[in-house]
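The values are calculated or read from the model by the stated rules, or taken from the named source; none is laboratory data. Bear in mind the structure is a predicted one, so any value in this text is a computation, not a measurement. Quick reminder, even Gly has a Cβ in these numbers, built from the backbone with ideal geometry, and neighbours come from all protein chains shown.
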Amino acid sequence: MRGVVMYGPGDVRVEERETPTIVEPTDAIIRLAATCICGSDLWPWRGADDVDATPMGHEYAGVVTAIGDDVKNVRVGDFVVGSFFASDNTCEICRAGYQSRCVHGEPGAPTGAQAEFARIPLADGTLVATPGQPDADLIPSLLAASDVLGTGWFAAVAAEVGPGKTVAVVGDGAVGLLGVLAAKQLGAERIIAMSRHADRQALAREFGATDIVEERGDDGVTRIKELTDGLGAHSVIEAVGTQESMMQAIRSTRPGGHVGYVGVSHDVELPGQELFFSGVHLHGGPAPVRRFLPDLIQLIWNREIDPGKVFDLTLPLADAAEGYRAMDERRAIKVLLTVD
Ligand SMILES: [Zn+2]
């Protein structure tokens, strides 16, 4: 099969690789319907994370082609969606809704999901079958559910988004934009998207943003305060993971409000005294996408949401390197790779 391998910063290659097979009796093998590049794949592309001939990709949706002897919940031929963390979905942490920290957790697609096939561990707990074979136009949205939608949704839930609330979203990548969509679905009254890119602002508005703030850092905080009677937002979604974005999120939140942070943290250090006096709730981390997958799949299946709109560039798998470049240079919000 063909699959994407990263050798170092800026060095992505599509190579002929061994097709994965069942290793553990709890595994499943899927044939990807399509795959995609994640904003978090840009960290190693930019040299912020180490790679060494690393198979890439952790977002996946596709058809089960083989199952191990112990797999009971999915069958060969099922169309399935899973998360970037495999989870048994039965341990105490999973049952509490934190499948991304499952006590038996492991990477969701250890063979790499930017490929024609992937091995999925703990298939019974990890994979959720769709009600039937999806129409082709639903595949981008189902793929989005695997990570960026589930992550944006968790951020909104962690930020306690709900009716009557004002929500601010820091970050206009796919996760931030789908945080806007989630906030709308969860009943937020006002949704402020922080973005300085016209195409992303337009998609944010389409997903439900009522206001756009172009300023960032302390200027962005000042604008959020101006829009909220000087108080700050009730709920703030942080979807970047830098020192600036995290402080922007905390300072944009009113006392007693909630920050849901899902940007993968890189060298963030929180000043203790400022945090102490902020009176703000912080909740986040790697999103337990599995918690939300059944509901998200149903919303997509019923065509109530269309998160696949975050894919604004589609390329064949063979052109994955161009996809990485396009996202790195912000020419694309999110790149879908076709595997046919
Ligand atoms: Zn578990």
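Pick from 202, 168, 136, 159: which is hydrophobic (A, V, I, L, M, F, W, C), outside the structural domain of residue 328 (by TED's automatic domain parsing) and within 25 Å of residue 297 (Cβ to Cβ)?
On the way: 202 fails: within 25 Å of residue 297 (Cβ to Cβ); 168 fails: within 25 Å of residue 297 (Cβ to Cβ); 136 fails: outside the structural domain of residue 328 (by TED's automatic domain parsing).
The match here is 159.
Every residue in the stretch 222-235 that is crowded, with 23+ Cβ neighbours inside 10 Å and either among the hydroxyl-bearing types (Ser, Thr, Tyr) or assigned to a helix (DSSP H, G or I) (or both), please.
Matches in the stretch 222-235: 224, 235.
With 292, 276, 311 as the choices, which residue is loosely packed, with under 15 Cβ neighbours inside 10 Å and not basic (Lys, Arg)? Write out each step before concluding.
Details: 292 fails: loosely packed, with under 15 Cβ neighbours inside 10 Å; 311 fails: loosely packed, with under 15 Cβ neighbours inside 10 Å.
276 is the lone residue from the list that is loosely packed, with under 15 Cβ neighbours inside 10 Å and not basic (Lys, Arg).
Output the residues belonging to the stretch 173-199 that are touching a residue at least 60 places away in the same chain (Cβ under 8 Å) and buried (at least 23 other Cβ atoms within 10 Å of the Cβ).
Within the stretch 173-199, the first condition is being touching a residue at least 60 places away in the same chain (Cβ under 8 Å), and the residues that meet it are 173-179, 181, 185, 197, 199.
Of everything in the stretch 173-199, those that are touching a residue at least 60 places away in the same chain (Cβ under 8 Å) and buried (at least 23 other Cβ atoms within 10 Å of the Cβ) turn out to be 173, 174, 175, 176, 177, 178, 179, 181.
Go through 41, 52 for me and flag whichever is surrounded by 19 or more Cβ atoms within 10 Å (Cβ to Cβ) and charged (D, E, K, R).
Working: 52 fails: surrounded by 19 or more Cβ atoms within 10 Å (Cβ to Cβ).
After ruling out the rest, the residue left standing is 41.
Is it fair to say residue 215 is in a loop (DSSP other than H, G, I, E, B) and either touching a helix residue (DSSP H, G or I) at 6+ places or on another chain (Cβ under 8 Å) or not assigned by TED's automatic domain parsing to the domain that holds residue 161 (or both)? First the steps, then the outcome.
Working: in a loop (DSSP other than H, G, I, E, B): yes; either touching a helix residue (DSSP H, G or I) at 6+ places or on another chain (Cβ under 8 Å) or not assigned by TED's automatic domain parsing to the domain that holds residue 161 (or both): yes.
Taking the combined requirement at face value, the residue satisfies it.
With touching a residue at least 40 places away in the same chain (Cβ under 8 Å) and over 25 Å from residue 285 (Cβ atoms) as the only criterion, which of 114, 133 stands out?
Exactly one residue qualifies, and that residue is 133.
With the requirement that a residue be within 16 Å of the ligand (Cβ to nearest atom) and not in a loop (DSSP other than H, G, I, E, B), what does the stretch 112-145 give you? Quick ask: steps written out before the conclusion?
First pass over the stretch 112-145, keeping only residues within 16 Å of the ligand (Cβ to nearest atom): 120-128.
Those that are within 16 Å of the ligand (Cβ to nearest atom) and not in a loop (DSSP other than H, G, I, E, B): 120, 123, 124, 125, 126, 128.
Inspect the stretch 26-39 for any residue being assigned by TED's automatic domain parsing to the domain that holds residue 295, more than 16 Å from the ligand (Cβ to nearest atom) and assigned to a helix (DSSP H, G or I) and give the result as yes or no.
Within the stretch 26-39, one or more residues are assigned by TED's automatic domain parsing to the domain that holds residue 295, more than 16 Å from the ligand (Cβ to nearest atom) and assigned to a helix (DSSP H, G or I).
In the stretch 326-333, is there at least one residue being assigned by TED's automatic domain parsing to the domain that holds residue 100, crowded, with 16+ Cβ neighbours inside 10 Å, modelled with pLDDT of 95 or more and within 13 Å of residue 142 (Cα to Cα)?
Within the stretch 326-333, none of the residues are assigned by TED's automatic domain parsing to the domain that holds residue 100, crowded, with 16+ Cβ neighbours inside 10 Å, modelled with pLDDT of 95 or more and within 13 Å of residue 142 (Cα to Cα).
Can you find a residue that is under 30 Å from residue 29 (Cβ atoms) and within 16 Å of the ligand (Cβ to nearest atom) anywhere in the stretch 175-184?
Looking through the stretch 175-184, none of the residues is under 30 Å from residue 29 (Cβ atoms) and within 16 Å of the ligand (Cβ to nearest atom).
Do you know which of the residues in the stretch 64-100 that are farther than 19 Å from residue 152 by Cβ, outside any loop (DSSP other than H, G, I, E, B) and in contact (Cβ under 8 Å) with a residue 40 or more places away in the chain is nearest to the ligand (Cβ to nearest atom)?
94
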